[in-house]
Amino acid sequence: MTSKKRRQRGSRTHGGGSHKNRRGAGHRGGRGNAGRKKHERQLYGPLGKHGFKRPQGVQDEVVEVSVQKLDEDAALLAADGLAEEEGDGYALDARDVAEDGHEVDVVKVLGGGQVHGELHVVADAFTADARSLIEEAGGSAELTDRAEQAQADAEASAEQSDADSDDE
């Protein structure tokens, strides 16, 4: 078999069809993503935006702290002055423990792991698992005043929306 170069000796267009077809990119359907809505549809993902993203100003910045980490580090935190010894356990504020805890909107205590010591934790939010782990170990999980106020506001707005829907 002869080489392609050899076979195309003497050909005016070298397999490109009419000599007009090699001008520009029209014969191959455009350059890059041209035609992706029509004839090159299968090669690309869907067009347009999908979904909804809440504005940055409305979103709360949340820092998470593991309840197991609080339990393991309780003695060290007491030595540093971030926790207080109370009987058999420790009382601590999750904002003091979390990195940048006082600059963020919400400090949330997450469950997972084991809790061996008695902890009295104050935080902005708790997962159900974290609350149950703390209470099973003999401790208590308390919300901050700010979190309680936010929860009361949410309940009031829910009652207001229920009253508005009943009126209609």
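The values are calculated or read from the model by the stated rules, or taken from the named source; none is laboratory data. Predicted model only: the values in this text are computed from it and were never measured. All Cβ positions, even for glycine, are placed from backbone atoms using ideal geometry, and neighbour counts span all protein chains on display. We work out accessible area using only protein heavy atoms, side chains counted, and drop any ligands, DNA or RNA first. Shrake-Rupley method; radii C 1.70, N 1.55, O 1.52, S 1.80 Å.
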Exercise. Which whole-percent values make up P(r) of the stretch 24-151 when all C-alpha to C-alpha distances are grouped in 5 Å steps starting at zero?
Worked result: 2, 10, 16, 16, 12, 6, 4, 4, 4, 5, 6, 5, 5, 3, 2, 1, 0
Problem set entry | Only Lys, Arg (+1) and Asp, Glu (-1) charged, at Cβ; the stretch 59-115 dipole about Cα centre in debye | 200
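Using the Kirkwood formula on the Cα atoms of the stretch 1-73, what hydrodynamic radius do you get, in angstrom to one decimal? Please report the intermediate quantities before stating the final value.
Numbers: mean 1/r = 0.0517 Å⁻¹.
With all distinct Cα pairs of the stretch 1-73 included, I get 19.3 Å.
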Exercise. Can you give me the Cα centroid spacing of the stretch 53-85 and the stretch 134-149 in angstrom?
Worked result: 13
Exercise. What share of Cα pairs, in percent, lie more than 20 angstrom apart in the stretch 92-157?
Worked result: 29
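Could you size up the charge dipole of the chain around its Cα centre, putting +1 on the beta carbon of Lys and Arg and -1 on that of Asp and Glu, and report it in debye to the nearest 20? Intermediate values should be presented prior to the final figure.
On the way: 23 positive and 34 negative charges, 1232 e Å.
The calculation lands at about 5920 debye.
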Exercise. Ignoring any ligand, DNA or RNA, what whole percent of the accessible area of the chain comes from carbon and sulfur when the probe is 1.4 angstrom?
Worked result: 46
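First obtain the Kirkwood hydrodynamic radius of the stretch 32-86 from its Cα pairs, then insert it into the Stokes-Einstein equation at 25 °C and 0.890 mPa s, and state the resulting D in µm² per second as a whole number.
On the way: Rh = 17.0 Å.
My calculation gives 144 µm²/s for D.
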Problem set entry | Spatially close lysines, pair count over the stretch 34-168: Cα under 26 Å, gap of eight or more or interchain | 5
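Could you do me a favour and compute the accessible area per residue for the chain, 1.4 Å probe, result in Å²? Intermediate results must be reported in sequence, preceding the final value.
Working: 12260 Å² over 168 residues.
Value for the chain: 73 Å² per residue.
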